[in-house]
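Participant: Handing you a structure now.
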Amino acid sequence: MNGLTMDFPLTVSAIVRRCDALFRHKAVTSRLPDRRIVRHTYGEIIDRSRRLAVALRRLGVMPGDRVATLGWNHHQHLEAYFAIPTIGAVLHTLNLRLHPDDLASIAHDAGDTVVLADESLLPLLACFRSRTAIGRVIVMARTGGQIGDAADYEELIARDDSSDHVPMDNAENAAAAICYTSGTTGSPKGVVYSHRAIVLHSLVCGMTDGLGVCERDTIMPVVSMFHVNAWGLPFAALMTGANLVLPGPCLDAASILELCQQERVTCAAGVPTVWLGVLATLDAAPGAYDLSRLRRIFIGGAAAPAALIQALEERHGVRVVHAWGMTESAPLGSVCWVTSDLDEALPEQQLAHRATQGFPVPLVEFRARSEQGLVPWDGISMGELEMRGAWVAKAYYGGQGEDRFADDGWFKTGDIVTISPRGAIEIRDRSKDVVKSGGEWISSVALECSLMGHPAVAEAAVVAVPHAKWGERPLAVVVMKSGCCVTEQELIAYLEPGFVRWWLPDAVVFVDEIPRTAAGKFRKTALRDRFRTHYGVT
């Protein structure tokens, strides 16, 4: 016996229709590459996206075609987010921080035929376009330069009327968007998101125990729109009617804080390195920015040190919420809210919980596995996190990476975790980053987070370095804060109270900067290569 409820397709078009009916007056603010601020309403954005949809159809884009974007966070990129899926095509956001060879491989693998690119990124496009099937180039974010035979975005959409747009009657399981992994564990692999996945992900982002996005919010995704659909926040904002602030390429701390103050941002999201820079700027100029409206910051992409969470809150009144996810999970997997049973806990106990990655969001399930099998939920036993859920990938595009999926379909994340008796996860490491010393695992993440609590340390990364006796030993790579000084011995002594002796790094090296991946995380592969002989093994 089947239920007698309507078969209502969960599609991006349904999200757009809702916003068009209820939230046309709400605001979208963009900072363009030339730093100009432009303002639109959702109504204007939707109308413009419909004109873009008509223009793409006129250019021959058909259902199932992949349409790429190569751009920063701004309103034209947002319009592509909405236009492309509603004509049955597939939005493919290209990560502009990748090497041209990687971009060529990704665009070729996806079969991109059209690209919308910022004018400032045309030289990058020229480095790889000839190795792809891209035939049409549409130039966004114009600054007045020469664009050759490419089409000007504004001129293109000016030719058409938004009333000519007839959205595709997409099946909810049809592809809406595709993103590629960063390639840090092999060649980049495509993750294809269905319309249904995007809608369900957006709904959970709006739940109180999800990200809590609501109509009263003004949201600023500091995370780039070319990275996992800006963590799904543009779609969640459209669904809930939250105002949206898009910071363009200006992701330095001062620019972020300026927008937070000027646009009265209530919620922002980004990786820890972004907020470490923000904290340093706030500490250097206390009271310089009015952040009274900023009620929470979501930190994901890597573990946030407890010291960062504590400092932002106690010194600057900004609430921090830890979240975790992956490209393969669209990306939201868990959020760390303080649950009711911890309301009366001591502040240090609450902080210790909030430094974890928290509980799986609704419609996502976790388990962890070691070489001995599934690990118990005891908060101590470590294993590789596996997940399944309503928006978790069941395969990679083109059938790559089959070894990342268990026999029963669960996705192997590559993150080493513990799971508390209540079900909260704590990321202890990436499987490729965990230090295996004398047959035992050492968490590089735990050591890093502790090191970054030292008042003289700006950033710290811990990597596994070959060792003649123990196989591997941890090495700490540290960037000191400007004007501060600390010695290797002082840092190791600082770690001693919190760790057993064999976990402590054998050495600390000081560097001017730590290399980053395209997503802004520490690029530990580069550090391992640079320091692989530090302990005398060649």
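Participant: Would you say Leu282 is surrounded by 17 or more Cβ atoms within 10 Å (Cβ to Cβ), under 26 Å from Cys449 (Cα atoms) and under 20 Å from the mean Cα position of the chain (by Cα)?
Facilitator: no
Participant: Could you say whether any residue in the range 340-357 is within 26 Å of Asn95 (Cα to Cα) and either buried (at least 18 other Cβ atoms within 10 Å of the Cβ) or not hydroxyl-bearing (Ser, Thr, Tyr) (or both)?
Facilitator: Yes, the range 340-357 contains a residue that is within 26 Å of Asn95 (Cα to Cα) and either buried (at least 18 other Cβ atoms within 10 Å of the Cβ) or not hydroxyl-bearing (Ser, Thr, Tyr) (or both).
Participant: If you don't mind, another one. When you scan the range 118-130, do you find a residue that is among the aromatic types (Phe, Trp, Tyr) and within 13 Å of Gln76 (Cβ to Cβ), even just one?
Facilitator: Checked against the condition, which is being among the aromatic types (Phe, Trp, Tyr) and within 13 Å of Gln76 (Cβ to Cβ), the range 118-130 yields no hits at all.
Participant: Given the structure, is Ile147 within 23 Å of the chain's Cα centre (by Cα) and either over 26 Å from Arg31 (Cα atoms) or of a type in the set (Val, Ile, Thr) (or both)?
Facilitator: no
Participant: Among the listed residues Thr132, Thr113, Thr86, which satisfies the condition of being hydroxyl-bearing (Ser, Thr, Tyr) and surrounded by 23 or more Cβ atoms within 10 Å (Cβ to Cβ)?
Facilitator: Only one candidate passes the filter, namely Thr86.
Participant: Also: Modelled with pLDDT under 95, in the same structural domain as His165 (by TED's automatic domain parsing) and in contact with a strand residue (DSSP E or B) (Cβ under 7 Å, 6 or more places away or on another chain): does that describe Leu91?
Facilitator: Judged against the criteria, Leu91 is not a match.
Participant: Let me ask something else. Looking at the range 416-434 only, could you name the residues that are assigned to a strand (DSSP E or B) and surrounded by fewer than 21 Cβ atoms within 10 Å (Cβ to Cβ)?
Facilitator: Result: Arg430, single match.
Participant: Out of all the residues in the range 358-381, which are in a strand (DSSP E or B) and over 29 Å from Val320 (Cβ atoms)?
Facilitator: Within the range 358-381, Arg369, Ser370, Gly373, Leu374 meet the criteria.
Participant: Residues of the range 258-270 being surrounded by fewer than 22 Cβ atoms within 10 Å (Cβ to Cβ) and either farther than 14 Å from Thr218 by Cβ or in the same structural domain as Leu451 (by TED's automatic domain parsing) (or both), which ones?
Facilitator: Scanning the range 258-270 gives a single hit, Glu258.
Participant: Checking the conditions here, which among Val463, Val477 is touching a helix residue (DSSP H, G or I) at 6+ places or on another chain (Cβ under 6 Å), part of a strand (DSSP E or B), among the hydrophobic types (A, V, I, L, M, F, W, C) and modelled with pLDDT under 95?
Facilitator: Val463
Participant: Another one. It is to be established whether one or more residues within the range 7-21 are surrounded by fewer than 13 Cβ atoms within 10 Å (Cβ to Cβ) and either under 25 Å from the mean Cα position of the chain (by Cα) or not in a loop (DSSP other than H, G, I, E, B) (or both).
Facilitator: So far as the range 7-21 goes, yes, one or more of its residues are surrounded by fewer than 13 Cβ atoms within 10 Å (Cβ to Cβ) and either under 25 Å from the mean Cα position of the chain (by Cα) or not in a loop (DSSP other than H, G, I, E, B) (or both).
Participant: If you don't mind, another one. Only residues that are more than 18 Å from Asp433 (Cβ to Cβ), more than 30 Å from the chain's Cα centre (by Cα) and small (Gly, Ala, Ser): list them for the range 463-497, please.
Facilitator: Hits for the range 463-497 are Ala468, Gly483, Ala493.
Participant: Another question, if that's okay. Exactly one of these conditions fails for Leu259: (1) touching a helix residue (DSSP H, G or I) at 6+ places or on another chain (Cβ under 7 Å); (2) under 26 Å from Pro305 (Cβ atoms); (3) of a type in the set (A, V, I, L, M). Give me its number.
Facilitator: Result: Leu259 fails condition (1) only.
Participant: Just to be sure I understand, how many residues within the range 120-146 are in a helix (DSSP H, G or I) and touching a residue at least 40 places away in the same chain (Cβ under 8 Å)?
Facilitator: So the count comes out to 4.
Participant: May I pose another question? Across the range 302-352, what is the number of residues that are in a loop (DSSP other than H, G, I, E, B) and hydrophobic (A, V, I, L, M, F, W, C)?
Facilitator: Matching residues across the range 302-352 total 10.
Participant: Looking at the range 496-514, which of the residues that are modelled with pLDDT of 90 or more and in contact with a helix residue (DSSP H, G or I) (Cβ under 6 Å, 6 or more places away or on another chain) is nearest to Arg473 (Cα to Cα)?
Facilitator: Among those that are modelled with pLDDT of 90 or more and in contact with a helix residue (DSSP H, G or I) (Cβ under 6 Å, 6 or more places away or on another chain), it is Leu504.
The values are calculated or read from the model by the stated rules, or taken from the named source; none is laboratory data. Because the structure is a prediction, the values reported are computed rather than measured. Quick reminder, even Gly has a Cβ in these numbers, built from the backbone with ideal geometry, and neighbours come from all protein chains shown.
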